[in-house]
Amino acid sequence: MRIYVADTEDEMAYHAAGVISDRLIKYPDTTLGLATGGTMIGPYRYLVQMYERGIISFKSVVTFNLDEYVGIEASHPASFHHFMYEHLFEHIDILPQNVHIPDGMANDIQAECKRYDCAIKEHGGIDLQILGIGLNGHIGFNEPGTPFGTTTHVVDLTETTRAANARFFGSVEDVPKQAVTMGIKNIMQSRSIILMASGEAKADIIAKALTGPVTQRVPASVLQLHPQLTVILDRQAASSMPKDYFDCSFVA
Ligand code: F6R
């Protein structure tokens, strides 16, 4: 695991965009796993800027988003489809056929989960998976207790997660109760992973996930077992890490 601690959230976002763009420059046909949420807005803004300046192109990039709510239209302003187009896809040269987001409106949602797993396999798997972390340690929408062996599946969202995401819907009652998410197995099968977190509210869960026991109660703790994990935090999110942790760890 490599950890980079940035002074500010903006610097965290810039560094993450830098790691992603380095990869796209070296390997323009990268398959990216993408996340949504507040943490991703900054990195996507920097990626758009790099594209506008001609530094990177997404013409040969394939993307797979981690998750989508069940039962809301892609056009709904709080859907993850909408988020991705608003913050990234609308502003870059990605080909529409190369964008993959689970269909939360599918009639047969179990078949949709299978289709999604197959699509990831057919594209040769994910090269670089970008992750945020929920206050309860979720990655994607894999809530505490999710077995590590799961692939794409339907999940009942916890009250913590619905409350945290109420800001995108206006009220907690409007937040869907279910989502489709890639499973922990899909995430762990990615060839490399970037985990990002900012702000004091994430400090405790970051410390638990990165230095506590690997347990299904903290889904992100499984990332300790990934051989190519880069963690990018701001100072606040890193503030509960054990004091001596960085003595022998790589901090850029
Ligand atoms: C969203 C996702 C979630 C978020 C997490 C953090 O696609 O997969 O795991 O990354 O809930 O969300 P923010 O960044 O809004 O705190």
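Summary table below
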read-out	value
Output for the range 6-55, where each listed residue is of a type in the set (A, V, I, L, M), open to solvent by 10 Å² or more (accessible area, probe 1.4 Å) and not in a helix (DSSP H, G or I)	I55
Residue match in the range 122-135 (condition: away from the ligand (no atom under 14 Å from the Cβ), among the hydrophobic types (A, V, I, L, M, F, W, C), open to solvent by less than 60 Å² (accessible area, probe 1.4 Å) and at pLDDT 95 or above)	yes
Residue in the range 59-78 that is away from the ligand (no atom under 12 Å from the Cβ), modelled with pLDDT of 95 or more and closer than 21 Å to M12 by Cα present	no
Single unsatisfied condition, T158 versus (1) away from the ligand (no atom under 14 Å from the Cβ); (2) open to solvent by 10 Å² or more (accessible area, probe 1.4 Å); (3) not basic (K, R)	(1)
Any pair with Cβ under 6 angstrom, 6 or more apart, that starts in the range 31-53 at a residue that is farther than 11 Å from A16 by Cβ and ends at one that is assigned to a helix (DSSP H, G or I) and away from the ligand (no atom under 14 Å from the Cβ)	V48/H91; M50/S21
Matching residues, the range 59-84, being in contact with a strand residue (DSSP E or B) (Cβ under 9 Å, 6 or more places away or on another chain) and farther than 19 Å from M182 by Cβ	H76, A78
Enumeration of residues in the range 56-93 that are of a type in the set (S, T, N, Q) and open to solvent by less than 20 Å² (accessible area, probe 1.4 Å)	T63, N65, S79
Subset of the range 171-211 that is polar (S, T, N, Q) and within 10 Å of the ligand (Cβ to nearest atom) - its residue that is surrounded by the most Cβ atoms within 10 Å (Cβ to Cβ)	T181
Single condition E143 does not satisfy, out of (1) within 14 Å of the ligand (Cβ to nearest atom); (2) of a type in the set (D, E, K, R); (3) within 25 Å of T31 (Cβ to Cβ)	(3)
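The values are calculated or read from the model by the stated rules, or taken from the named source; none is laboratory data. The structure presented is a predicted model; accordingly, all values stated were derived computationally and were not measured. So basically every Cβ, Gly included, is an ideal-geometry build from the backbone, and we count neighbours across all protein chains shown. Surface areas here come from the heavy atoms of the whole protein model, side chains and all, with no ligands, DNA or RNA. Shrake-Rupley method; radii C 1.70, N 1.55, O 1.52, S 1.80 Å.
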